[in-house]
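The values are calculated or read from the model by the stated rules, or taken from the named source; none is laboratory data. Keep in mind that what you see is a predicted model, and the values were worked out from it rather than measured. Because the Cβ atoms are built from the backbone with ideal geometry, glycine has one as well, and the counts that use them run over all protein chains shown. These accessible areas exclude ligands, DNA and RNA; they are computed on the full protein's heavy atoms, side chains included. Shrake-Rupley method; radii C 1.70, N 1.55, O 1.52, S 1.80 Å.
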Amino acid sequence: MVIIMNPDATAENIKGVIRAVEGTGLMAKVMEGSQQKIVGVIGDKTRLASVAIDALPGVEQSVAISKSYKLASREFHPQPSVIDVAGVKIGAGTPVIMAGPCAVESKEQLFEAADIVKAGGAQFLRGGAYKPRTSPYSFQGLEEEGLKYLAEARERTGLRVVTEVTTVEAIDRVAHYADMLQVGARNMQNFGLLKEVGKCGKPVLLKRGLAATLDEWLNAAEYIMNAGNPNVVFCERGIRTYETYTRNTLDLSAVAAIKHLSHLPIIVDPSHGTGKWRMVKPMALAAIAAGADGLMMEVHPNPAKALSDGPQSLTPENYREVMECVHKIAAFMKEEHIEPMRV
Ligand code: PEP
Ligand code: MN
């Protein structure tokens with residue numbers, strides 16, 4: 001439920017509402033609406049049955065949120081959220097670019113990739129140290145050694161680091177080295193992991209599950225937020241459909257839908273979304289035009305030699321070309337005040 005206050009409600013009125021809500025054992029959270037303050041109520045709203053909320057001083061009306069996710073919903077938080085990751089703001093109007101190899105393979109490979117990524121204008125270096133591979137015989141990642149290289153690459157370049165965490169046991173280790181934790185597609189509904197990353201204190205990049213509906217994805221974010229971490233960014237990375245030409249079907253309509261349903265930022269990963277490096281540029285440009293808050297792209301100094309996801313990785317030259325066009329589209333949209341949708 002959200003309780004919408006009158007535009008002229010006083011601080012005392014708001015305190016009164018909070019007292020009434022908390023008196024029933026529920027949690028209250030005050031938020032700025034576009035015109036007025038809103039008090040969000042978290043928990044089983046039947047507990048409020050004995051309180052005449054709408055009659056309290058300063059209350060305009062109370063509105064039930066019928067959705068199963070609340071903290072992640074637009075109703076609960078009408079203004080878009082900006083997520084600050086070590087000083088880089090995601091959702092603030094300028095697309096944020098996360099780029100780097102699929103996996104950290106060696107210090108040399110990562111440093112080379114980091115320099116390329118930085119020169120092209122990305123703000124984040126990506127790279128998996130814990131790789132969720134389909135086959136147990138495929139390269140599984142360098143684990144903590146890989147995390148150390150990522151942290152060293154950050155020192156070298158000033159890039160922020162985003163990297164995947166695949167198990168609850170590794171959360172503290174990954175959080176120690178990274179600026180942002182990635183929950184991968186295969187773990188989007190690993191509820192134990194979601195609850196624990198909700199307690200880790202670092203922002204979370206939540207990728208869409210392999211065949212997840214938007215409702216399931218939003219509820220996955222709710223798990224993280226409900227555990228105490230409001231800093232969640234969605235990442236659309238394609239879903240499995242009947243199509244076999246592409247690795248996944250990149251659902252760009254998810255950008256518009258998530259913007260409507262949630263206040264959280266959403267970025268797009270056209271690399272995993274298509275599985276083909278040739279398709280990364282057009283999908284990256286389309287994602288920005290659709291209103292995505294950023295991109296995640298795989299870049300490798302030598303994709304032909306990559307230990308994972310070579311076919312979808314950009315060469316340094318291709319990456320530079322994609323970035324040039326991304327910057328042009330973003331600048332044009334800003335200059336012309338193009339807002340992709342009214343939420
Ligand atoms: C990745 O980003 O390296 C990755 C494994 O992506 P996804 O979870 O989307 O498959
Ligand atoms: Mn990959």
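Using the alpha-carbon centroid of each, what span in Å lies between the range 3-28 and the range 98-115?
The range 3-28 and the range 98-115 have Cα centres spaced 50 Å from each other.
Working only with C-alpha atoms, what are the Rg and Dmax values of the range 171-214, expressed in angstrom?
10.5, 32
Compute the helix-to-body angle for 316-335: its Cα long axis versus the longest principal axis of the chain, expressed 0 to 90° and rounded to tens.
The helix 316-335 is inclined about 30 degrees to the chain.
Heads up, I need the accessible area for His272: 1.4 angstrom probe, whole protein in place, Å², nearest 10.
20 Å²
If all Cα-Cα distances of the range 54-185 are sorted into 10 Å bins from 0 onward, what percent lands in each bin, rounded to whole numbers?
11, 33, 27, 15, 9, 5, 1
In the range 83-335, what is the volume of the convex hull around the alpha carbon atoms, normalised per residue and reported in Å³?
That works out to 113 Å³ per residue.
Could you tell me the relative contact order of the chain? Use alpha-carbon pairs under 8 Å, at least six residues apart, and round to a whole percent.
For the chain, the relative contact order is 15 percent.
Enumerate the aspartates and glutamates that Lys15 could reach by cross-link, defined here as Cα to Cα under 17 Å, with residues fewer than 8 away along the same chain left out.
Glu32, Asp54, Glu60
With a 1.4 Å probe and all protein chains left in place, how much accessible area per residue does the chain have, in Å²?
Averaged over the residues of the chain, the accessible area is 44 Å².
Measure up Lys202/Lys328; Lys89/Lys118; Lys89/Lys305; Lys202/Lys305; Lys37/Lys199; Lys29/Lys202 against 24 Å on the Cα-Cα distance and list the ones that go over.
Lys202/Lys328; Lys89/Lys305; Lys202/Lys305; Lys37/Lys199
Taking the Cα atoms of the range 204-343, what is the range of coordinates along each of the three principal axes, in descending order and whole Å?
On the principal axes, the range 204-343 reaches 42, 38, 30 Å in Cα extent.
Can you give the FRET efficiency for His260 and Asp8, using 1/(1 + (r/R0)^6), R0 = 35 Å, r = Cβ-Cβ distance, to the nearest 0.05? Provide the component values of the computation, followed by the final result.
Working: r = 30 Å, r/R0 = 0.85.
The value I calculate is 0.75.
Can you give the longest run of the chain that contains no GluC sites (Glu not before Pro) sitting in a DSSP loop with at most 16 other Cβ atoms inside 10 Å?
1-142
For every other residue with a beta carbon closer than 9 angstrom to the beta carbon of Ala170, add +1 if it is Lys or Arg and -1 if Asp or Glu, then tell me the sum.
Numbers: positive: Arg173; negative: Glu143, Glu144, Glu169, Asp172.
That sum, taken over residues with Cβ under 9 Å, equals -3.
Can you give me the Rg/Rh ratio for the range 2-63, using Cα atoms for both radii and the Kirkwood formula for Rh? All intermediate terms of the calculation are to be shown ahead of the outcome.
Working: Rg = 10.4 Å, Rh = 11.3 Å.
Over the Cα atoms of the range 2-63, Rg/Rh equals 0.92.
Kindly state, as a whole number, the per residue volume in cubic angstrom of the convex hull around the alpha carbon atoms of the range 1-114.
Convex hull of Cα atoms, per residue: 159 Å³.
Find how much the distance from Lys328 to Glu169 grows on full extension, using 0.36 nm per residue of separation minus their present alpha carbon separation; answer in nm with one decimal.
My answer for the length gained is 53.0 nm.
Using Cα positions and a limit of under 20 Å, work out the aspartates and glutamates in reach of Lys107, with same-chain residues fewer than 8 apart set aside.
Asp115, Glu143, Glu144, Glu145, Glu152, Glu155, Glu164, Asp179, Glu298, Asp309
Set the Förster distance to 22 Å, then compute FRET efficiency between Tyr242 and Asn302 from the Cβ-Cβ distance, nearest 0.05.
Step by step, r from the Cβ atoms, then E = 0.05.
Would you mind telling me the share, in percent, of accessible area of the chain contributed by carbon and sulfur at probe 1.4 angstrom?
Exposed carbon and sulfur together represent 52 percent of the surface.
Taking the 0 to 90 degree range and rounding to the nearest ten, how far is the long axis of helix 107-120 tilted relative to the main principal axis of the chain, both from C-alpha atoms?
Tilt relative to the chain: about 70 degrees.
How far apart, in nm, are two points set 7 Å out from the Cα along the Cα-to-Cβ line at Lys107 and at Val63?
Between Lys107 and Val63, the label points sit 5.6 nm apart.
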